[in-house]
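Shown next, in structure tokens, is the structure this report addresses.
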């Protein structure tokens, strides 16, 4: 038998049914603001889904409320909170998750307090004692809900081990996309020997017999190994890049809170390796205009790095068609551990990009991190990807920052015509 709700005005009734929706939407709006700031469209889609879900729940609550179904209203109220918990769990925002837990703990007590007259009760003490246990169970469910989909996969996935490998290339085997390497002893894994290794997404044509290389050996499972982050060693080039990196780190430290380079400032001095393994310093391009950005080859978001690279490639083609000879394009990797010169070479080839005036650069992690600070690009590790902002920077012939466009939707004609 339905219980008759206490008599309240329509305005108060609307307030009570809309409150959980407003709580959830507030959390979602905060998430959308963060997504826009960080250029994360994939997270925005999850938040939009949550907004639709909580709005549907709101109308369900209104329907149940006006039909005097108190218990159904309470269930809809809790479903709204769980919907918000699911969305924030996908977003992996710790503060937002904590906010949802607080709502889950307080929500049942609120429901009991609102309908206390139906139970012949009144006051917060009775509502809190009755609602806390329910709220605690709900909070545990809210924390566990985002993990349900991936638990089985994570539990069954083999644990990969990583080791540092150094050695000399004995032979290049293009048909198997592999290298035969005589490597030094790998402590705790295997003695020095000659073995064949797959090279992943690195360009096999970048390697020659007799080259000394260093890489990460990834042991996926017993008997299954491959190499990542393969880099050809060159003592002279390494010493040049190391010297530039030390100066760059010192410069960032000395600038302190003013490390970020504003429009009109001279760009920092740096030297990195290009996709051919050659050392490229920024001073090499003085007297020319430079369009510079940051990307990484494994970026899975079509509107991020792939879109930025496509625009840079379009800019290169347009400059060539119009016989513009004073333009250099530079893309610096955000993932130097993976994006070594052979990987960048394969990436450029896959996108049909020539190396005449387009330089994909990589180098020591310290150099990349300090360049990110000085150029104002934010990077944060995510689950199997990097969350990052995008910026495309125009540097004039004197080495000064002339223009900056955030995001990947900048206009190619605009950058080509700016001086």
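Derivation of every value follows stated rules applied to the coordinates shown; laboratory data play no part. The shown structure was predicted, so the numbers you read here are calculated from the model rather than taken from an experiment. Please note: Cβ atoms are built from the backbone with ideal geometry, for glycine as well, and neighbour counts cover all protein chains shown.
Once you have the Kirkwood Rh of region 161-232 from its Cα pairs, apply Stokes-Einstein at 25 °C and 0.890 mPa s and quote D in µm²/s. Working shown, then result.
Details: Rh = 12.0 Å.
This corresponds to a translational diffusion coefficient of 205 µm²/s.
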Across all Cα atoms of region 337-386, Rg and the largest Cα-Cα distance (Dmax), in Å, are 12.8, 35
Fewest to most Cβ atoms within 10 Å: 386, 394 sort as 386, 394
Per-peptide average of other Cβ atoms within 10 Å, ordering 256-264, 278-286, 366-374 highest first: 366-374, 278-286, 256-264
Give the shape of region 225-310 as rounded, prolate or oblate, defined through the alpha-carbon gyration tensor: a ≥ b ≥ c are the square roots of its eigenvalues, a/c under 1.5 means rounded, and otherwise the shape is prolate if a/b is larger than b/c and oblate if not. oblate
What are the extents of the Cα atoms of region 262-419 along their three principal axes, in Å, largest first? 41, 31, 30
For region 352-413, what is the largest minus smallest coordinate of the Cα atoms on each principal axis, given in angstrom and ordered from greatest to least? 37, 25, 24
